[in-house]
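Participant: Sharing a structure below in structure tokens format, with a few things to ask.
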Amino acid sequence: MSTAMNFSSKTFTPRPPDKGAFPLDHLGECSAFKEQFMECLRHSGYESAACRQRAMAYLECRMDRQLMANEPLEKLGFKDLINEKSEEKPEK
């Protein structure tokens, strides 16, 4: 009795990442923001929650220079920081 398994009946089709690929920062346009974020991580014992403001600034830099697709910061997990920014600005 032969119990050969046929694995070719289900084929795997790879799919790209949800956000797609983005170019590297070869010219170092956002390296100052990256260094500030890394310095914050070192000082906070690599607790990323303490450095979210700097992470947001780094991603904004990348979006401004077309190093990644423009995404609303709310979708990237910074909705609470955006609300804090708008509350700090006094209304006229």
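The values are calculated or read from the model by the stated rules, or taken from the named source; none is laboratory data. Please read all numbers here as calculations on a predicted model, not as lab measurements. Cβ sites come from the backbone with ideal geometry, for glycine too, and all protein chains shown count toward neighbours. Note: accessible area is taken over every heavy atom of the protein model, side chains too, but ligands, DNA and RNA are not part of it. Shrake-Rupley method; radii C 1.70, N 1.55, O 1.52, S 1.80 Å.
Participant: Going through region 24-68 one residue at a time, which ones are polar (S, T, N, Q) and part of a helix (DSSP H, G or I)?
Facilitator: Answer for region 24-68, where residues must be polar (S, T, N, Q) and part of a helix (DSSP H, G or I): SER31, GLN36, SER48, GLN53.
Participant: Counting only residues that are surrounded by 15 or more Cβ atoms within 10 Å (Cβ to Cβ) and either in contact (Cβ under 8 Å) with a residue 40 or more places away in the chain or not acidic (Asp, Glu) (or both), how many does region 58-72 have?
Facilitator: 7
Participant: When both residues are 6+ apart or on different chains and their Cβ atoms are under 6 Å apart, which pairs have a first residue that lies in region 25-43 and is touching a residue at least 12 places away in the same chain (Cβ under 8 Å), and a second that is open to solvent by 80 Å² or more (accessible area, probe 1.4 Å)?
Facilitator: Cβ pairs passing all conditions: GLU29/ARG65; GLN36/ARG54; PHE37/ARG54; CYS40/ARG54.
Participant: Name the pairs: first residue in region 73-87 and at pLDDT below 90 and of a type in the set (A, V, I, L, M, F, W, C), second residue assigned to a loop (DSSP other than H, G, I, E, B) and open to solvent by 70 Å² or more (accessible area, probe 1.4 Å), Cβ to Cβ under 9 Å, at least 6 apart or on different chains?
Facilitator: Listed pairs, sorted by first residue: ILE82/GLU74.
Participant: Would you tally the residues in region 28-56 being under 14 Å from the mean Cα position of the chain (by Cα) and crowded, with 16+ Cβ neighbours inside 10 Å?
Facilitator: The number of residues fulfilling the criteria is 8.
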